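Coordinate-derived values only; no laboratory data. Since the model is a prediction, treat every value here as computed from it, not as a measurement. Cβ placement follows ideal geometry from the backbone for every residue including glycine, while neighbour counts extend to all protein chains displayed.
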Amino acid sequence: MATAIATKRCTVCGVTRPLTDFSNHRGRRDGLTSRCRACNAAHCRAWYHRKQQETAGLYSTYVAMKGRCHVPSHEHFALYGGRGITVCAEWRDSFDSFREWANRSGYVPGLQIDRIDNSKGYCPENCRFVTAAQNCQNKRARTRTIRTYTKLETAQVREVRSLLAGGLSQRVIAQRMKVSPSAIGSIKTRRTWRDVA
Ligand SMILES: [Zn+2]
């Protein structure tokens, strides 16, 4: 029988290599990793990169959430902190605590944080992760709800029409009249208030 040089087949590249091409791994029966050194290095780089990206995405979610609620100079503070929406102390004090909750709650990069009850703050019981599309849908539903409570008077609708005729943008008019831009759009296209000249 020929003297066999001790070799092992890498589970990734499939190449049979001398044992010196494999790193030590105490958890394995033969004491070596299943991937060769080159494949293992590539695997670790990819894993590290993925983790870094996940953390980066979640960390920016975290920073933005705290900013909206607790930094008065944040551009959206008025809609959050200004309305009493806060981040719970546990999360505010520790990104690790937020990250642990996020990972338990099915966070994957790309998802957005959403408050289940819009009148309550950011805390484990009131938050979940949703896709951007779901978040958008929720916002639209909220806008619709708000709109039913924001009633324009005939005189205001006339004003909207004259502002539109004057070339003001729907967004600016919406801000001035305290209604959603789409409400102004509906007036413009006469989907609503058709009877008002
Ligand atoms: Zn390999």
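Excluding H76 itself, what net charge comes from residues whose Cβ is under 11 Å from its Cβ, given Lys and Arg +1 and Asp and Glu -1?
Details: positive: R68, R83; negative: E75.
Summing Lys and Arg as +1 and Asp and Glu as -1 gives +1.
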Interchain or long-range residues, amide H under 5 Å from L32's placed H: H25
Cβ-defined net charge surrounding W47, 12 Å radius [Lys, Arg +1; Asp, Glu -1]: +3
Dipole magnitude (debye, nearest 20) for the chain, charges at Cβ of Lys, Arg, Asp, Glu: 580
Listed residues T33, T86, T61, most fluctuating in the chain (Gaussian network, C-alpha, under 10 Å): T33
Zero-based 10 Å bins, Cα pair distances in the stretch 150-197, whole percents: 30, 67, 4
Karplus-derived 3J(HN,Hα), 6.51/-1.76/1.60, for each residue of the stretch 12-25, Hz, glycine and proline x: 9, 7, x, 7, 7, 10, x, 4, 5, 7, 10, 7, 6, 8
Positive-pole candidate from L164, N135, P181, dipole of the chain, charges at beta carbon: L164
Taking only Cα atoms of the chain, radius of gyration then Dmax in Å: 28.3, 102
A197/A78 FRET efficiency (R0 35 Å; Cβ-Cβ; nearest 0.05): 0.50
Among R171, R128, R28, residue whose mean-square fluctuation peaks in a GNM of the chain (springs only between Cα atoms under 10 Å): R28
The chain - mean residue ellipticity at 222 nm from DSSP helices (-39,500 (n - 2.57) per run, n ≥ 4, rounded to 500): -15500 deg cm²/dmol
Three-way shape call for the stretch 33-128 based on the alpha-carbon gyration tensor, with the a/c threshold at 1.5: prolate
Label-point gap, in nm, between A89 and V108 - each point 7 angstrom along Cα→Cβ: 3.6
Note, ³J(HN,Hα) from phi for the stretch 89-100, Karplus 6.51, -1.76, 1.60, rounded to Hz, x at Gly and Pro: 4, 4, 6, 4, 7, 8, 5, 4, 5, 5, 5, 4
Sequence-distant residues sharing a close amide H with V87 (under 5 Å, placed H): Y122
Built amide H within the under 5 Å cut-off of C127, gap 5+: I116
